[in-house]
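Data block below; observations after.
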Amino acid sequence: MGNVRILEVKQSIFESNDKQAALLREELKKDGVFLLNLMSSPGSGKTTTLTRTIEALKDDLKIGVMEADIDSDVDAETILKTGAKAIQLHTGGMCHLDADMTRQGLKGLGTDDVELVILENVGNLVCPAEFDTGAVKNAMILSVPEGHDKPLKYPLMFSICDVVLINKIDVMPYFDFDLEQCKKNILMRNPNAKIIPICAKTGEGMEETIDLTNQDLLFIHTSQSKDSIAHAVITTHDEKIIHYLRNILQIDPLSGEDITGGVIPINESAWELNWTIPRQPYYKNQKENECVILLHGLHPEKTGDYVEKSMLESKGYEICAEWLYHLGIPQNKINELSLMSASTVPYTHTSTHCEAHVNGLNYAYIGEGVSLPYEYPGSLDYLVHTAMNAVYSLLHITRSIPSYRYSIEDYLSVFSSLYGDETFMETQSFTKRLVLKELLKRIEGSDLEALLKEYKFF
């Protein structure tokens, strides 16, 4: 009997599924898809809650839904009426979805045109919680008629969920349901759970649910974007190009005034080009007759409309040619102008789109996680502008945000003025001064050291 091999099948299945789930999560991250796993018992109000959520988010996000049931397509038909993409998954009698089944569902749904996928798992408080689906977040719905003791009876699902929605609070007077005790029971199983009482039928509590969803989805475009963003700087002193710009903008780009303000999007561009001309001179030592144009491609992986290659594969003059084409420059002049009349440097590309979908007025998101209309979040100027925009909006200041142009010297000047007669170093604790001195050794003799000395850093 001592030679009998014992295989723990259940443990083996779970380990294999966990590996598949982790792999799926990484793939979805690269593809820019946020997967939410929604669980509950049957009849808790998943579909009603889901339709409310879709209605609130569909203008900002591309949403897909996978409806998992043992049989029927009723829920998928309901979701399709909201305008969201949907697919029905039949589990063949199984009471859960695992990572591989989720992967099959995603393949059937198609994720090229979605940013948020919600998996409405099989109605069951036990089995779905045992299998990692590969979702970024887990959420569940507990309805009032089920009772406040469910977290004690079915601990696993409550322990793995990031959010617990307590639905049907409108009928609490008719049931022996203690809301505060229910919250205590949930937090006993999961101290980090976010608990939101709602009534999906009337909409009560749904605003908080949507705001919380938006906070999670803030990272869809910052850490999980499908596409790169490519940047280029075009410099020209040739009157041929400046003449075209002057006619298009109805302002002289060399005037020293604000030129385009925010970015100018070219929506019909395959690369989705955005361009802007800041107040000139843009660089400290820029020549008087030079004009600097900043160019950004939101979909640089696609083939251009004029240049038959992607922006990422294109040389500087080819990027310039694509831009000139979309400005409406006669095609017989594009190649000459891009080669002889401008210098174009493709200087960087990033793997993320810097935008967020935020609806709540009680949040002031500042910096590269924020999307302002008609502006591209790619510079320090933009970061300053988002802060001003937040303050002006929240304080109901109706005047326009003033124009701005800042250099590193401007920021250091403001920074140094905060410390009066003291240097920044002198205001720090003994421990911090030791650390800073060690760091300063590494820039000794550099231009950076000279700049920091000039502005009273130390």
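Of all positions in segment 393-407, none carries a residue that is modelled with pLDDT of 70 or more, farther than 23 Å from Gln280 by Cβ, surrounded by 17 or more Cβ atoms within 10 Å (Cβ to Cβ) and of a type in the set (A, V, I, L, M, F, W, C). Within segment 127-167, which residues are more than 26 Å from Leu28 (Cβ to Cβ) and either over 32 Å from the mean Cα position of the chain (by Cα) or surrounded by fewer than 20 Cβ atoms within 10 Å (Cβ to Cβ) (or both)? The answer is Val144, Pro145, Glu146, Gly147, His148, Asp149, Lys150, Pro151, Leu152, Lys153, Tyr154, Pro155.
Of the residues making up segment 249-269, one or more are surrounded by 14 or more Cβ atoms within 10 Å (Cβ to Cβ), more than 21 Å from Tyr325 (Cα to Cα) and acidic (Asp, Glu). Within segment 277-296, restricting attention to residues that are modelled with pLDDT of 90 or more and not β-branched (Val, Ile, Thr), which residue is nearest to Gln250 (Cα to Cα)? Result: Cys291.
Looking across segment 143-178, the residues that are closer than 21 Å to Thr209 by Cβ and among the aromatic types (Phe, Trp, Tyr) come down to Phe158, Phe177. Residues of segment 143-173 that are in contact with a helix residue (DSSP H, G or I) (Cβ under 6 Å, 6 or more places away or on another chain) and either acidic (Asp, Glu) or in contact (Cβ under 8 Å) with a residue 40 or more places away in the chain (or both): Met157, Lys168.
Does Gly32 qualify as being buried (at least 18 other Cβ atoms within 10 Å of the Cβ), in contact with a Ser or Thr (Cβ under 9 Å, 6 or more places away or on another chain), at positive phi and modelled with pLDDT of 80 or more? No. Quick check on my filter: what residues within segment 85-100 are part of a helix (DSSP H, G or I) and surrounded by fewer than 20 Cβ atoms within 10 Å (Cβ to Cβ)? Passing the criteria: only Asp100. Residues in segment 312-330 that are among the β-branched types (Val, Ile, Thr) and more than 28 Å from the chain's Cα centre (by Cα): Ile329 only.
The values are calculated or read from the model by the stated rules, or taken from the named source; none is laboratory data. Since the model is a prediction, treat every value here as computed from it, not as a measurement. We place every Cβ from the backbone using ideal geometry, glycine too, and count neighbours over all the protein chains shown.
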